[in-house]
Structure formats: C-alpha cells, structure tokens
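The values are calculated or read from the model by the stated rules, or taken from the named source; none is laboratory data. None of these values were measured; they are calculated from a predicted model. Neighbour counts run over all protein chains shown; Cβ positions are idealised from the backbone, glycine included. These accessible areas exclude ligands, DNA and RNA; they are computed on the full protein's heavy atoms, side chains included. Shrake-Rupley method; radii C 1.70, N 1.55, O 1.52, S 1.80 Å.
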Amino acid sequence: MDGATPQAVRAAIERGEALSGTDGFAGEIDGRLVRDVLGRYPLFSEADDPTEWSFDPTDLSDPTPVPAGHARGGSGETKLWTLPDPAPVADGERAVAAVREAVVDSVDAVEGEPPIGFSGGLDSSILAARLDGPLYVGGFEGSHDVEAARSAAAALGRELRVVEFSHADIERGIPALVEATGRTNPMDLQIALPLYLVAEAVAADGHDRLALGQGADELFGGYAKIAKAPDDHRVEADTVRGAARETVRTLPRQLERDVLALRAAGVDPVVPLLSDRVIEAALRLPDRCLVCGGERKVALRRAADFLPTAIRSREKKAVQYGSLLAREFDRLARQAGFKKRMDDHLGQYVESMRSE
C-alpha cells in the first residue's frame, strides 16, 4: 500500500470519509485495489484482470488506471468516495487562519530535508521558507523561472542549484517519458519534462525525494480560467468557487503523469500542499478568498505571511512556459521538419521521436 497503512485505509472505507487524514493512498486491500479521492498515487491493473496490478504501468501489458476514489475487484469497480463539498466559511479571516494552520502543519510535518523544486513563486517559496532541503530550479538560459528563483532564493537567504536544460535533454526526455507515462500528448510532455529533468539532477545528487508545491493552483484559485468564471469556456461552473472545485477534479490525471515522470527519474514526490488537511481547508473557501479584484490565490497569499511581500504577490508562469521548454520543444519540432502549418505538428514530432 502506497501512502497509508492498511488500517487507515480500512477506516476510511468504513466511515466513507474521502479526507480522513491519510494524505493519499493506493494499493490492494482485502482483495480489492483502492485509490484515494484525488489519485495522489498512481495505480494500474491489467484491463481484463484486476488481480494483475502495479504502481508502474510499464509492468503490465495492457495497463488501466484505477479511477480516483474507487475500488476495483473481480466484480467490477465501486465508487467509495466523492470529493467533499462543504459550505463555504462566511468569515474570511477565519478561513485564512484555517488555511494558514493547515499549510504550516502539513509542511512542517515533512520528514527529513528533501530537496525542493523551486520556481521562486508562492507555492514553492512556502516550502523553501519552512524546509531546509536544497533548492533546485530548471530551465533554459534566460528563462523566467530561473531568474525568478534566483531572486526569491536571495530574498529567503537560500542557495540555489540551477539545472540548465538543453535541446539534447528534450530529445532524450521525450521517449523516456512516453515510455514511463504512456502519454504522447505534447502538452503533457511539455509539463512533465521540466519535472523529469530537475528530478534527474536531484537523483544524481544522491536524493530519492523531491518536495513540490503541486495542487496549490487548483485548490486556491491560481488559474485564469477560475478567476474568469463563468465567462471562460474552459470551465462549466458559474462561480469562482465552482470553477476551482471543477479544476480540483482534474488533479488525478495530472498527478498520475507527474508522479510517473518523477519516479522514472529516480525520485518520489513530496507534496504537503496536497495533504488532506490543506484540501479540506481549501474546499471551505468562499469566492472572495480564492479570487478578489483580479488577485488569485487570495487566502494562500494571506496565509503565507512568513514570506517576503515581493514573493507573496508574485505571479507564476506555468512550468512549460516559465522554463522556456515549450518554446524550445516547438523549435526542435520545426527544425525536424514539422512546421506549424501542419496539423498537430508537435504530435507528429513526438511520434517521430518514438519511432527512432
């Protein structure tokens, strides 16, 4: 069982509590495969035989993921948990205080001193301010993430290890990630590649874990599509809070990709901002504590009052853009003859890399 003891998982099943303090789990228990409500650990079985299973899809001939919040056994799949939908806290100050307590307790509970994937933004700076592990940032020369990480590390009085990406890294990383994750979608690969390349450097330095600020944008309203609800076509919800909840439900597929990419590089993720206690506090936030006056992640920024103001107010680019990996990925595709005028030119480039 990954992530929790069998006793804790049995208790969660018996009580029907999706957020029971286990902080995610996956594995076999009492003859069934089970996976927590946010899919924080990947779990797969053969499509026609749930008794043949693994945490690594490459171990199986026809791997099928166990859906988050479900059990899979010989009689089929059963939904065990649904993401809670608590009423929002009316008192904004009390809501922020609950977020602060949950975040601080969860980060401070991390064992040891794992390295930190550090972009210089709010989420990773929360980890860097409270954990003593070394800081790593990855990107191409001149990228936003590298410059932001340097300035934030200086503000926090921390040293920084810069992992400089190259075209050769992309070229060898694409087939490795397709093999590890089963994903060929260019966007999936562009997101996973920076994590994979930084994790490789972390593993080469002798570490087997990497702390990340994953989940904060989904939980706390960090995306433009949440802030623009209901006017953004990418979400169906008609409120900011509803859009945030809708986005949280996309986490299982994202986390599956990212965990498999990190493990392929030789490390396991540590994600304290995706602990049950943080999720529970985030789900209780009213609209104005998610987005207010154009400011996103309002509650999390207020809660992180131990950070310098310049870091708390900083907006962060998506990793594939902040690292310049998406730009260089496209450049390589065009250099290989896959021009933008072609249908799905990046997808064709990926397929060409697989066949080499």
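Just a few scattered comments:
- Some residue of segment 41-58 being farther than 30 Å from Asp132 by Cα, of a type in the set (S, T, N, Q), crowded, with 20+ Cβ neighbours inside 10 Å and touching a residue at least 24 places away in the same chain (Cβ under 8 Å): yes
- Lone unmet requirement of (1) in contact with a helix residue (DSSP H, G or I) (Cβ under 8 Å, 6 or more places away or on another chain); (2) free of Cβ contacts under 8 Å to residues at least 24 places away in the same chain for Phe165: (2)
- The set of residues in segment 202-246 that are surrounded by fewer than 19 Cβ atoms within 10 Å (Cβ to Cβ) and part of a helix (DSSP H, G or I) comprises Ala203, Ala204, Ala224, Lys225, Gly242, Glu246.
- Given (1) modelled with pLDDT of 95 or more; (2) open to solvent by 70 Å² or more (accessible area, probe 1.4 Å); (3) over 30 Å from Arg158 (Cα atoms), number of the condition Thr64 does not satisfy: (2)
- Residues located in segment 145-154, provided they are buried (at least 17 other Cβ atoms within 10 Å of the Cβ) and farther than 17 Å from Val202 by Cα: Asp145, Ala148, Ala152, Ala153
- Filter result (out of contact with any strand residue (DSSP E or B) (no Cβ under 6 Å at 6 or more places or on another chain), among the aliphatic types (A, V, I, L, M) and open to solvent by 10 Å² or more (accessible area, probe 1.4 Å)) within segment 261-288: Ala264, Ala265, Val271, Ala281, Leu283
- Only a single criterion out of (1) touching a residue at least 40 places away in the same chain (Cβ under 8 Å); (2) over 20 Å from the mean Cα position of the chain (by Cα); (3) in a strand (DSSP E or B) is not satisfied by Gly142, namely (3).
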